[in-house]
Amino acid sequence: MSDRSQLISTGEPFKFDQERDTEFERLIKRYPERESMILPALWLTQEQEGWISAEAIAYIADRIGTFASKVFECATFYTMYHLHPMGKYHICVCRTLSCWLRDKQAIVDYLRDEIGIEPGQKSEDGKFSLEEVECLGHCGTAPVVQINGEFHEEMDVEKLTALLAELN
Amino acid sequence: MSAKVKTLERKGSSLAEKIYFVEIFKGMATTFGHFWRNLLDNSNLYVRHYPEVEPEIPVRWRGRHRLTSHEDGTVKCVACFMCQTNCPAECISIEAGERLDDKAEKMPVKFNIDLLECIYCGYCVEACPLDAIRMDTGIYSVTDNNRESFVLGLEELLQTPGAFSEEEYKKGGA
Amino acid sequence: MSLLDILLVAIRVAFAAFVPLCFIAVCVWMERRGAGFFQDRAGPNRANIFGFRAAGLVQNLADGAKLFFKEDVISDHIQHKFYFVIAPLIVFFTAVVSFAVVPFADTLVLNGKSYIMQGIPIDIGILWFLALAGFGVYGIILAGWSSTNKYGLLGSLRSTAQVISYEIPMGLAIVSLLVVYGTVNLNGMAQFQGQLLFGFIPMWGIILQPVGFLIFVIAAFAETNRTPFDLAEGESEIVAGFHVEYSAMKFAIFFMGEYIAMFASSAIIVTLYFGGYQIPFLSTDTLITYAKPVAFLLMLGLPAGMYFFAGWIRKNNVSHYPRKNDPRVYEGNIYIKGFWGLVILLELILFAILLCKSGGAAAHIFVVLLQICTFLMKVTMMIFVYIWVRWTLPRFRYDQLQKIGWQVLLPAALLNIFITSAFVVALS
Amino acid sequence: MAEMIKLFVNGNEVEVEAGKNLIDAIGAVGIEIPHLCYHPALGADGNCRMCLVGLEEGGPPLVPACKTPAAEGMKVLLDADHIKKIQHDVLEFQLINHPVDCPVCDQAGECSLQDYYMTYDGQKSRMTVPQVTKSKKMDFGCGVVHDQERCVLCGRCVRFCRQITRTGELGIVNRTDTARVAIFPGRPLDNRYAVNVVDLCPVGAMTSADFRFKQRVWFMKKERGVCHGCSRGCNITIDHNREKDQDDLIYRFRPLFNEQVNGYFICDEGRLSYRDENENRLTEARLSKTTISLDRAVTASLKEFKRAEGIVILISPDCSLEQMVSIKSLAEELGAPLSGFSDGYIKKGDGDDYLIQDDKAANRAGLTALNIDSSQSAFEEALAKAGLLINFNNDLSLFYDESSLKKLFKEKRVIGVTSRDTKLFQMANLVIPVASFTEYSGSIINCDNILQTFNRAITKNDAPLDMSEVAALLGGPLKTNGDRYDKLKKIVVSLNDFNPDTIPATGLKLT
């Protein structure tokens, strides 16, 4: 587990766009306490920007009316929130038991060779980023790879080659 | 009382011993023997010809203190005050300050040892968690003309080299 | 009163006053070097003047200078400053004055007039000594009390009790001696001891009164506060006892007082038990008659003695470690030359006596000088015994001290009186 | 007195207060349950697991003592083997990534982790993998320096900022072994009670930049005192030490628990006010810029009294009641009007709803209780008539600007009796040094009309006199503390039933 407390600052003020703004206002009515809105707001941000910057956290805190440190806590606790910019295609390889037994390492090794990045890195052209994640809940069809939220089950190197060619 | 008691007979129970005089004269004969031998030939005296012939200082000898340093010459001491806390003579006074190199957080900005108060017990060496203070300089003669010069400062303590090699010291130096 | 009378009075007073003072240096030197040799070490031998150490005597000068120039502290808590200051002086002066009655030579007869050779020409002799030796302890008591210090007070209390316990056996030992000698005059006692017992044994007090001698010596040790009776000082338990608050010259006066007391007490012991100034088998009259042969024998003996002395110096006055051009050898050679010079001077004086008329004034003076030398030699030996005992015996415990005083010495002294009296009555 | 219940600790029956949790209830009778995250002011959090105790019969076998209310007949196990193992294991867990840099840590000596390790753990580390490293010496603002490695994540500081100051600057970020206390970038600690987190922190993770490396805590003597920074009168612990060949110096003030007055905390301003006790002190009397002895200063002032055409005495609202009463009698003796004029001490709008008060005078209620007039008009009227002003440590420069002060000092002779060598008193003709509030015993009344007594905490090498003693030297009739207290009783009626030693340590609420 790596240290996620170093936030990246864009230097520009963050603001929800029109669509997320309406969504935020819609969602906030569903919770009895405004603080419950922290996680959805972080999701909205990630949807909008692809990652969460320091300014975004401050914005959310002010918008909800809570302490920035609280939003900060949440954003660093959950690893699904990206605290630095990701590639256009964010590839998550499950590394938990079932996938590991079904040789997820071959997939990771292949990706490492093919794209030239280690897990946790982003390719130089900004197209791909690779991450090893904990159980994605598709153990029955392991190994599983998730690309931008889309699951690809029973993955092997051949399937992945095809998939990468498609993405390229 | 446990079983292992050994009773020794008390000496001096004979009459001659009880009268004392015989024993006194025997004792005086012994001492006179020494006197006479030394008077006739003083080359056998068990003495060290000190200022002319310097004594050999063993590694365990607790001499004047010094502060050790890292290889780059910076002080090892982190001003933890363990030596000052332990000192039974209260001869050490330290002032701590922020340390800016990465070696530690804290360092002494003042480290004074008042040699006039020091009793050379070596507790400071024992207490030091970092082997920063040692008494291995081999300096046994500390003399000066005024009280102030007996207060050793940080610089002086750092500049004094150890008298022994590291291997020798490791065997059990002070 | 002729000029000679005045001169002789001056000489004997000066002798009685200055010889003890001079002997302080000798005593201290003997004590230090002696202690060294008893304990297989060297004693003070580094202080020097231009490389001349005089066998350690220069150390005394250094100490004297140091004590003289040290700060003389009188602590604020001391309330009776007068007593505090007077105490060491009492110790010192009683010690000096107690020597004044000791004869250091037989009566000098010049031009038909006799001159007594003692500081104060009084007949009470031994009583004077007893009185002053007892009075000297007041100095110690006063010092301890006026120090307003518990160690000081303890020291002086011990001293008080000790004096009470030991004055009595001392006095009783002297009583039996008085029965033997039949006089209290010390010169009379010395003259008495010039006789021979059965024609070949010197009639010294130690032979007539061996038990009395032991009792007197023990009591004298106690009286002078010397080991094994120095409980008043007891540095191991009461740091320095009565003189713990004293510094500089006031301390030095205590220190010197102790050595003068030791000298005076040695002189008394010599006078009472070792024939005083008498040379064994050579009574004053015999000496005067045979002045020339004695002088001649001395002329022969002196160079012979000097020869061995020079050899001893050459052997011992060297550095016992590797050293280039050992300055001690040079130093020793100078001493040897000096001593040879002294021997030659003495030889000349003795030669002059040989030239003089036999049985005349020169012979008388020669005998007096000879007796003074004898006396001082005996005293020095007694002082050596003091030192010897000090560096042999440990200090008594306080209860042991009192037990010996009351349960051993007192009955022994009384018994000694009875036996002696019985003998004297039976013999007369 | 609260309702008492009986329960068993290790089989022994103890009587404790009802309605408290086990740590507080059993702690009150002297049995300590180790805890790191619980603090009575912050409530239970239950994250450290250090306070797990066993329960015999009924209920779960293991409960966190901080979350479990004491109940009648409860059988609490503290020294059972499995409890000891828990404590032992929890400590081993806490120390996995702890740097154990006690020699350089300021907390050493008052560190819970250190104490508990010695009491409950005492084993060598079994870890073979490298420790997780985190940031050290982080500036959190407000004089708080944070060391993430030493942190045990008890969350006391986080809860303090969220519950007490409601500023929430701190949070625990990340998870598992990389979790750490941090501030949100660009939003450092910014409240007037921030340094309290240093006291709260059970380990050395939070250190005060002001106290950092100044002293090891075991060298310091600790005395109770009352802060004179404002009219709240917070209870403090005065940590002071006389280093070799030096004067007795105060190194820090720490809050001291007093439920009636300040609870567990004090404000940062009050905490730092110890500096005034060490610095810029007046140590010697001065007559027109030349140093003189106290005796001569007293004679000089008596001469001034004779020469003056009308005297006015000005008293500081920081004085203790005893001092006020002595000065009041001195004023009566001299026939001089006495004023407690001190409007300058009130800083409008500076106070808050927690501890800090607008009124920076420690004992204004005392002035009122002793019927000392403190109106501006009366003071200025009296001053206009008088030729001599005796100022007992009243900082006039808080109200008047420099030019009007200069004018005043030009027209009048001024005697200053003060503990501080400020610009104001440098202008006075004669100044006499007196003790500051840590150096005398006395009593003050705070803004809630609570009378608190305090004792002399430190004794300087050249200890200056108490102001009431100076008043006595200047001719005041009250020579001893007994006299002063008797007079005080006559004026303050509600003190009648009390003596100085029967006033409770937590203060006496005056009616």
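Key figures for this structure:
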| read-out | value |
| --- | --- |
| Spans of helices (runs of 4 or more DSSP H) in the range A:31-144 with at least 2 residues aromatic (Phe, Trp, Tyr) and under 19 Å from the mean Cα position of the chain (by Cα) | A:68-77 |
| Residue tally, condition out of contact with any Pro (no Cβ under 9 Å at 6 or more places or on another chain), free of Cβ contacts under 8 Å to residues at least 40 places away in the same chain, among the charged types (D, E, K, R) and farther than 30 Å from D:Gln131 by Cβ, over the range A:1-24 | 4 |
| Among residues of the range C:260-272, those that are surrounded by fewer than 24 Cβ atoms within 10 Å (Cβ to Cβ) and of a type outside the set (A, V, I, L, M), counted | 0 |
| Residue match in the range B:51-64 (condition: in contact (Cβ under 8 Å) with a residue 24 or more places away in the chain, assigned to a strand (DSSP E or B) and among the small types (Gly, Ala, Ser)) | no |
| Criterion (at the interface with another protein chain (Cβ under 8 Å from one of its Cβ atoms), surrounded by 12 or more Cβ atoms within 10 Å (Cβ to Cβ) and either under 26 Å from B:Leu115 (Cβ atoms) or among the aromatic types (Phe, Trp, Tyr) (or both)) met by exactly one of B:Phe32, B:Phe21 | B:Phe32 |
| Cross-chain or 6+ apart pairs with Cβ under 9 Å, the range D:486-505 first and surrounded by 15 or more Cβ atoms within 10 Å (Cβ to Cβ), then of a type in the set (Phe, Trp, Tyr) | D:Lys489/D:Phe498; D:Leu495/D:Tyr485; D:Pro500/D:Tyr485 |
| Residues of the range D:35-58 that turn out to be surrounded by fewer than 20 Cβ atoms within 10 Å (Cβ to Cβ), assigned to a loop (DSSP other than H, G, I, E, B), under 29 Å from the mean Cα position of the chain (by Cα) and in contact (Cβ under 8 Å) with a residue 24 or more places away in the chain, as a count | 3 |
| Strands (runs of 3 or more DSSP E) contained entirely in the range D:150-232, each with at least 1 residues that are facing another protein chain (nearest Cβ under 8 Å) and in contact (Cβ under 8 Å) with a residue 40 or more places away in the chain | D:180-183 |
| Criterion (touching a residue at least 40 places away in the same chain (Cβ under 8 Å), closer than 17 Å to C:Val91 by Cβ and under 21 Å from the mean Cα position of the chain (by Cα)) met by exactly one of C:Ala248, C:Ala252, C:Ala240, C:Ala219 | C:Ala252 |
| Counted residues, the range B:118-152 - those being loosely packed, with under 12 Cβ neighbours inside 10 Å and part of a loop (DSSP other than H, G, I, E, B) | 7 |
| Sole residue being out of contact with any Phe, Trp or Tyr (no Cβ under 7 Å at 6 or more places or on another chain) and crowded, with 21+ Cβ neighbours inside 10 Å, chosen from D:Phe392, D:Phe399, D:Phe379 | D:Phe392 |
| For D:Gly143: the one exception among (1) over 19 Å from D:Val90 (Cα atoms); (2) within 11 Å of chain A (Cβ to nearest Cβ) | (2) |
| Test: residue in the range D:91-114 that is under 28 Å from D:Val217 (Cα atoms), touching a Ser or Thr at 6+ places or on another chain (Cβ under 6 Å), open to solvent by less than 50 Å² (accessible area, probe 1.4 Å) and at the interface with another protein chain (Cβ under 10 Å from one of its Cβ atoms) | yes |
| Condition check for A:Gly11: within 25 Å of D:Asn174 (Cα to Cα), away from every other protein chain (no Cβ under 11 Å), surrounded by 14 or more Cβ atoms within 10 Å (Cβ to Cβ) and among the small types (Gly, Ala, Ser) | no |
| Residues being of a type in the set (Phe, Trp, Tyr) and more than 8 Å from chain B (Cβ to nearest Cβ) - total across the range C:26-44 | 1 |
| Count of residues meeting criterion [part of a helix (DSSP H, G or I) and either modelled with pLDDT of 90 or more or under 25 Å from the mean Cα position of the chain (by Cα) (or both)] in the range D:397-414 | 1 |
| Qualifying positions in the range C:211-242 - away from chain B (no Cβ under 14 Å) and either touching a strand residue (DSSP E or B) at 6+ places or on another chain (Cβ under 9 Å) or more than 16 Å from C:Tyr386 (Cβ to Cβ) (or both) | C:Gly212, C:Leu231, C:Ala232, C:Gly234, C:Glu235, C:Ser236, C:Glu237, C:Ile238, C:Val239, C:Ala240, C:Gly241, C:Phe242 |
| Residue pairs meeting the criteria (Cβ under 6 Å; at least 6 apart or on separate chains; first open to solvent by 60 Å² or more (accessible area, probe 1.4 Å), in the range B:70-97; second hydrophobic (A, V, I, L, M, F, W, C)) | B:Asn86/B:Ala127; B:Glu95/B:Val109 |
| Residue match in the range B:25-37 (condition: polar (S, T, N, Q), at pLDDT 85 or above, under 35 Å from the mean Cα position of the chain (by Cα) and outside any helix (DSSP H, G or I)) | no |
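The values are calculated or read from the model by the stated rules, or taken from the named source; none is laboratory data. Here the structure is a predicted model, which means the values were calculated and not measured. Counting neighbours? That spans all protein chains shown, and the Cβs are built from the backbone with ideal geometry, glycine included. Only protein heavy atoms, including side chains, enter the accessible area calculation; ligands, DNA and RNA are left aside. Shrake-Rupley method; radii C 1.70, N 1.55, O 1.52, S 1.80 Å.
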